[in-house]
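Worksheet: the structure to be examined is printed underneath.
The values are calculated or read from the model by the stated rules, or taken from the named source; none is laboratory data. Only a predicted model underlies this, so the values are computations on that prediction, with no experimental measurement involved. Here the Cβ is made from the backbone with ideal geometry for all residues, glycine too, and neighbour counts use every protein chain on show.
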Ligand SMILES: [Zn+2]
Ligand SMILES: [Zn+2]
Ligand SMILES: [Zn+2]
């Protein structure tokens, strides 16, 4: 952001760059655009703009001005404006959380997610440190099977090949329930059905669409299990303790979401309060397992699909987190945060919304994903399931939930972390010299993206440099044995 004092906002506007034609002939044709950029008198300001947004891949540009007015005299104490900047506008980060859309902003988002998860486990960001002493459990809840799929070999069994875990050698359609291969990681076949005709596509997309509601049902069950364990009538359990959690959704190769979550028990009033002594981490871990097994969500019946009942898969894991051995808070936070910048990439889905059926063929990378996306459109058009929003979430294979959700009291919020950064920025000059001032801002959207391919390439170079420096810093820290 260009900052000026008084009314000289426009004086730093540079004349358009005119590269010296003699020097240009010495530059290979493919480098000329780059040479022209570097020889612009305002190039340092352009580079500063790139750094200001952390070399965001697709910045949003605003034009306008902010005035700081002294309340007592009505005088303009200082002003900053986009008028003096290289393109007459200032860039802001795109804030896209997906790594496939913006490497820079997705990293910022992952950093915030890490802070949120960690604060809930060990305090900080407004959360009392004493939460580290509360019962904490780390859990993974998966989806059930909707048909046999190609799978990776079990690393513990060297001669394991891809085959359906149980059942007959051939399905009702005569398709072999094994392919006898040992799929390498990254093989597009992993997660695809052995027999497409056997695979329950409507059940699959309905599960993704209802997964968040099923989760909410599981949390209700969890309160009831804890009530039973503590010998407390169900209506009173929320007056005895509170279950706080942060949950991250991850796509498996087969295109189903599963959940990783950190649970914490608090007292009923506040997160600084401990839960009753009988509510231990071990008891909570057992109760999560029981609640996840018992949770059922009945969807409306239709002639086409019948009456689907959603439930979690058998592969579930819940174990207490013990914070006083090593650094599990950091590791657990890092483990959860690493999923939030992903969309459906691991399931070969699309990273942007699909607004019409005709886009599916081009955007889906596998037959399986194509079939799932078509199912989202078809099932989503049935009246009882319209409210699930399957149309809208076709690119997410039906799942419309957030990548990271949490209970209100678990930790801080993304908004609060962003505000803290914004406050830090706005504490920079222009100064008001201790006077009471009013801020008068007038900004409007100008465009999105870097103004030229060459500048976008320059930004990509800066991104690489930032990444390289980060790795060097990390290496130095590791070398010192620092944490
Ligand atoms: Zn960005
Ligand atoms: Zn296979
Ligand atoms: Zn079959």
Quick one: in segment 84-108, which of the residues that are assigned to a strand (DSSP E or B) and crowded, with 19+ Cβ neighbours inside 10 Å is farthest from ligand 3 (Cβ to nearest atom)? 90
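Scan segment 147-160 residue by residue and report those that are within 21 Å of residue 255 (Cα to Cα) and part of a loop (DSSP other than H, G, I, E, B). Break it down into steps so the answer makes sense when it comes.
We begin by selecting, within segment 147-160, every residue within 21 Å of residue 255 (Cα to Cα); these are 147-154.
Selection gives 147, 148, 150, 151, 152, 153, 154.
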Take the conditions away from ligand 3 (no atom under 16 Å from the Cβ) and surrounded by 17 or more Cβ atoms within 10 Å (Cβ to Cβ) and apply them to residue 164. Does it pass? no
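Out of curiosity, is residue 316 surrounded by 20 or more Cβ atoms within 10 Å (Cβ to Cβ) and within 20 Å of residue 259 (Cα to Cα)? So that I can check it myself, show each step before the final result.
Numbers: surrounded by 20 or more Cβ atoms within 10 Å (Cβ to Cβ): no; within 20 Å of residue 259 (Cα to Cα): yes.
Criteria not met by residue 316.
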Contact list, first residue from segment 89-100 and without any contact (Cβ under 8 Å) to a residue 40 or more places away in the chain and under 17 Å from residue 46 (Cβ atoms), second anywhere and more than 16 Å from ligand 2 (Cβ to nearest atom) and part of a loop (DSSP other than H, G, I, E, B), beta-carbon distance below 9 Å, six or more apart or interchain, is 92/53; 92/56; 92/59
Assigned to a helix (DSSP H, G or I) and either away from ligand 1 (no atom under 16 Å from the Cβ) or farther than 25 Å from residue 216 by Cα (or both): is that true of residue 132 in this structure? yes
More than 30 Å from residue 271 (Cβ to Cβ), surrounded by 15 or more Cβ atoms within 10 Å (Cβ to Cβ), modelled with pLDDT of 85 or more and touching a strand residue (DSSP E or B) at 6+ places or on another chain (Cβ under 7 Å), is that true of residue 446? yes
Of the residues that sit in segment 187-199 and are touching a helix residue (DSSP H, G or I) at 6+ places or on another chain (Cβ under 9 Å), under 23 Å from residue 311 (Cβ atoms) and assigned to a loop (DSSP other than H, G, I, E, B), which one is nearest to ligand 3 (Cβ to nearest atom)? 199
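Name the residues in segment 139-157 that are in contact (Cβ under 8 Å) with a residue 60 or more places away in the chain and farther than 15 Å from residue 180 by Cα, would you? Quick ask: steps written out before the conclusion?
To start, the set of residues in segment 139-157 that are in contact (Cβ under 8 Å) with a residue 60 or more places away in the chain comprises 139-146, 149.
Scanning segment 139-157 gives 139, 140, 141, 142, 143, 144, 145, 146.
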Counted residues in segment 389-417 being more than 22 Å from residue 358 (Cβ to Cβ) and outside any loop (DSSP other than H, G, I, E, B) come to 7
